[in-house]
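As structure tokens, the structure follows; a few thoughts come after it.
The values are calculated or read from the model by the stated rules, or taken from the named source; none is laboratory data. The model shown is predicted, which means the values in this text are computed figures rather than measured ones. All Cβ positions, glycine included, derive from the backbone under ideal geometry; neighbour counts span all protein chains shown. Just so you know, the surface numbers come from the protein's heavy atoms only, side chains and all, with ligands and any DNA or RNA stripped out. Shrake-Rupley method; radii C 1.70, N 1.55, O 1.52, S 1.80 Å.
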Amino acid sequence: NKPILNGNPSVEPAYMNDPAKFSFLQSALSVPLNGLNGVVGALTLYRCEKDSFTKDNVRVLLALTSKVSLAIENALKYSQAESCATTDYLTGLPNARSLFLHLDAELSRCRRSGDSLAVLVGDLDGFKQINDRFGHLEGNRLLQMVASSFKERCREYDYVARMGGDEFVLVIPGLAADKLDDRVDQLENAVRMAAKAVCGEPTVSLSVGTAIFPLDGSDAESLLAEADRRMYATKQ
């Protein structure tokens, strides 16, 4: 929480214990950036000459730090609020709002390119009994593990979202219709393994419904509705 006047740049972590790294910088002036909730960063200036900063330089920087700190803190808060608006707090997956934005963008791309797009809606069967038998904390842990397992089984350009509750949606571009069953099997197996890891037994299973653009719908709402209908048919 105090300024550093004419500090030695060579003792910073980037240079320590690495003889291969060398810096011509010989003096540093660093001041803390104090926000409303503590230090949000540091503002540091460097010079090649040794001991070249003065106390007047410190005073000038300290006069600026309140405005700089406020700007950084506001930017961090905005970023956090933006993330909360599109991210599910429990699993870290995109939420329903983010899903619709992504799906609309993917459909626009597919209309231009002629590519197919698969939408998978999955719902956990027997999830309520996990909360009843093992408690909500274990239920949350299961949802987090299922979310991680789904992401691990997807390519980097596939999209996994949590619609809410125990319902997940996957948006998979370029997936051929004859490969759908294999992907569903992978997801079902992921849920069984997650349930066994959390509860010691495969008490939860997965019902999946699928829809393919353009065969089953031309927009996000119709594709999700068709996949949802098929998911409930599978569940029944």
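Orientation-averaged projection of the stretch 42-82 equals 3.6 nm² [convex hull of Cα atoms, one quarter of hull surface area].
For the chain, compute the orientation-averaged projected area of the C-alpha convex hull (one quarter of its surface), in nm². Averaged projected hull area, Cα only: 19.7 nm². If you take all other residues with their beta carbon under 13 Å from the beta carbon of ILE4, and give Lys and Arg +1 and Asp and Glu -1, the sum is 0. Projecting the Cα atoms of ALA227, LEU215, GLN186 onto the charge dipole of the stretch 179-236, computed from C-beta unit charges around the Cα centre, puts GLN186 farthest toward the positive end. Are there any trypsin sites (Lys or Arg not before Pro) in the stretch 179-217 that are in a DSSP loop and have at most 13 other Cβ atoms within 10 Å? List them by number. The qualifying sites: there are none. The GNM of the chain, with springs linking C-alpha atoms under 10 angstrom apart, assigns the highest mean-square fluctuation among LEU99, LEU25, LEU43 to LEU25.
Note on the chain: dipole from Cβ charges, positive end direction compared against GLY126, THR91, ALA28; the farthest Cα belongs to ALA28.
Using a Förster distance of 30 angstrom, determine the FRET efficiency expected from the C-beta separation of GLU152 and ILE4, and round it to 0.05. Step by step, r from the Cβ atoms, then E = 0.10. Relative to the current alpha-carbon distance between ASP181 and GLN80, full extension at 0.36 nm per residue lengthens the span by 32.6 nm.
With contacts taken as Cα pairs under 8 Å and at least 6 residues apart, the stretch 5-132 reaches a relative contact order of 16 percent. Exceedance of the 31 Å cut-off in Cα-Cα distance is limited, within the set LYS77/LYS196; LYS179/LYS235; LYS55/LYS77, to LYS77/LYS196; LYS55/LYS77.
In the context of the full set of protein chains, the stretch 125-236 has a per residue accessible area of 51 Å² (1.4 Å probe). Between amide H atoms placed 1.01 Å from N, distances below 5 Å from GLY35 occur with VAL40, all of them 5 or more places distant or on a separate chain. Taking GluC sites (Glu not before Pro) as exposed when DSSP calls them loop and at most 12 other C-beta atoms lie within 10 angstrom, the chain has its longest site-free stretch at 50-155.
Of the chymotrypsin sites (Phe, Trp or Tyr not before Pro) found in the stretch 157-236, those that fall in a DSSP loop while having at most 14 other beta-carbon atoms within 10 Å are TYR157. State the percentage of accessible surface on the stretch 181-236 attributable to carbon and sulfur atoms; use a 1.4 Å probe and exclude ligands, DNA and RNA. Carbon and sulfur together cover 47 percent of it.
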